1. Return yes or no: is residue 194 open to solvent by less than 30 Å² (accessible area, probe 1.4 Å) and not β-branched (Val, Ile, Thr)?
2. Within the stretch 231-238, is even one residue open to solvent by 10 Å² or more (accessible area, probe 1.4 Å), at pLDDT 85 or above and closer than 24 Å to residue 323 by Cβ?
3. Working only within the stretch 339-350, note down all residues that are in contact with a strand residue (DSSP E or B) (Cβ under 7 Å, 6 or more places away or on another chain) and either modelled with pLDDT under 95 or buried (at least 22 other Cβ atoms within 10 Å of the Cβ) (or both).
4. Checking the condition under 17 Å from residue 173 (Cβ atoms) and open to solvent by 80 Å² or more (accessible area, probe 1.4 Å), which residue from 58, 78 passes?
5. When you look at residue 85, is it surrounded by fewer than 21 Cβ atoms within 10 Å (Cβ to Cβ) and within 22 Å of residue 186 (Cβ to Cβ), yes or no?
6. Which of the residues spanning the stretch 70-81 are in a loop (DSSP other than H, G, I, E, B) and either without any contact (Cβ under 8 Å) to a residue 24 or more places away in the chain or over 20 Å from residue 183 (Cα atoms) (or both)?
7. Could you list all residues from the stretch 82-111 that are at pLDDT 95 or above, part of a loop (DSSP other than H, G, I, E, B) and out of contact with any strand residue (DSSP E or B) (no Cβ under 8 Å at 6 or more places or on another chain)?
8. Name the residues in the stretch 310-326 that are at pLDDT 90 or above and open to solvent by 10 Å² or more (accessible area, probe 1.4 Å), would you?
Amino acid sequence: RQVKMIVCTRKLLFTVGVLFLPLFCLEITCAPCVTCDPTSVKNTLLNLLREHENCVSRDPQQIKFYLYNNFGNKDSRREILLNDDSSLETSGYLTGQPLKLLIHGYAETNFDSTFFPENVKDAYLKNQLHSGSGNTNVLVVDSGTLTKPSYKTQLNDRTYFTCYLQAVLNTNVIGERVADMVEFLIKQRKTTPELIHIIGDNLGVHIGGYVGNETTRRFNSKISRLTAIDTALPGFRPNKISTARPMTTDDAKFVDAVNTINQLAFGDADSIGHADFFVNLFLQPDVEGSNHGDSKVGVFQEAMPLGGPIIDSFASFYFAKTVGRSDIMGTSMNSGGHSIFGENCKPGTRGVYFVCFSMVENRPCLFDDAIGASEEMPGKALVKGLGSSLVTQYSQTKQTSCAD
């Protein structure tokens, strides 16, 4: 159940439970396997952690909660203060309606870009406006400097990654605070675990898992769903650092995962949910507004630096495109059957799926040339699921493994 794509030096890098350098193969060329003294690597990382232990905050009071349910104005929000009845009542929270809880990851901001969670939040609000239902609460968690380096512009890749490890140590702190907010909403009879859908990106996946686990412990009832977008790997699998708690399928009734190129550089390439959707075999197509012309790889090279939040942006954009739609399908890598990908994925979906997805209008899917497809969908993103035979064949021709 594991998708193995042209990745090298994995055994070494997993020795200390983190992926310190994004060493992988491109095309069929494999980087030479590297050996290194695990004790030396561990000591180096510990020294870096001590050197930059204050690059993120440890204060849970900085965590903010913003409610968006003004479907006519996507920028209109109300802050809900933890255990503050007045702020909850004046927020306009829709009692008894579904709750979309958006939790961002490392170094991501909430309000100054088109990345997560802004893109997913906007998709929900736009869908509610167009459908006329207006029955969804979108609650965005802003963890501030608990997951964002306070001096980001001064960091190089090495120290930037070290601050990431510091943020990993904060995931339980943030998770506890978010779980307290969920408990507050439940006790105020605003929601129930069955109405809660957590969408987490990067570190937000593990924070969401912590929230789900805590909610189960406190109320003996699981949240309905957790969507994992490009789940962060370093510090969580296969060996976690300190008290960091990785998300598991026990944290919600249904866990679906959206996986993209980030899985090669900074994420978990294993299947981690009840249903795992691998988009474009980890490669990204050109996106609207890019200047890469007809490049089949698109922004692949620009996505590689460790500090690049663009790595995570594609998976959330893919998910955002599915809000209000049920026509984007994934193809099972085992049976060849199809299941709905994204927001409307059915809770009973199980297995590993491949999704072929173009984000550019009137441009065929990334792998259409490989299968001789010429069909286009004018005015829409072309989505085509590929059968398990193609996925297997492509993986085998591109995969190069290193000796154990």
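The values are calculated or read from the model by the stated rules, or taken from the named source; none is laboratory data. In this text, all values refer to a predicted model and were calculated from it rather than measured experimentally. Cβ placement follows ideal geometry from the backbone for every residue including glycine, while neighbour counts extend to all protein chains displayed. Side chains are part of the model used for accessible areas, which takes the heavy atoms of the whole protein and leaves out ligands, DNA and RNA. Shrake-Rupley method; radii C 1.70, N 1.55, O 1.52, S 1.80 Å.
1. Working: open to solvent by less than 30 Å² (accessible area, probe 1.4 Å): no; not β-branched (Val, Ile, Thr): yes.
Judged against the criteria, residue 194 is not a match.
2. Our first condition is that a residue be open to solvent by 10 Å² or more (accessible area, probe 1.4 Å); within the stretch 231-238, this holds for 237-238.
If we keep only those that are at pLDDT 85 or above too, we end up with none.
No, the stretch 231-238 has no match at all.
3. Filtering the stretch 339-350 down to residues in contact with a strand residue (DSSP E or B) (Cβ under 7 Å, 6 or more places away or on another chain) leaves 339-341, 345-347, 349-350.
Those that are in contact with a strand residue (DSSP E or B) (Cβ under 7 Å, 6 or more places away or on another chain) and either modelled with pLDDT under 95 or buried (at least 22 other Cβ atoms within 10 Å of the Cβ) (or both): 341, 345.
4. Numbers: 78 fails: under 17 Å from residue 173 (Cβ atoms).
After applying the criteria, what remains is 58.
5. Values: surrounded by fewer than 21 Cβ atoms within 10 Å (Cβ to Cβ): yes; within 22 Å of residue 186 (Cβ to Cβ): yes.
Here the answer is yes, as residue 85 does meet what is asked.
6. Keep residues of the stretch 70-81 that are in a loop (DSSP other than H, G, I, E, B), which gives 70-77, 80-81.
If the condition is that a residue be in a loop (DSSP other than H, G, I, E, B) and either without any contact (Cβ under 8 Å) to a residue 24 or more places away in the chain or over 20 Å from residue 183 (Cα atoms) (or both), then 70, 71, 72, 73, 74, 75, 76, 77, 81 are the ones that fit.
7. 83, 84, 95, 96
8. 320, 321, 323, 324, 325, 326, listed by residue number.
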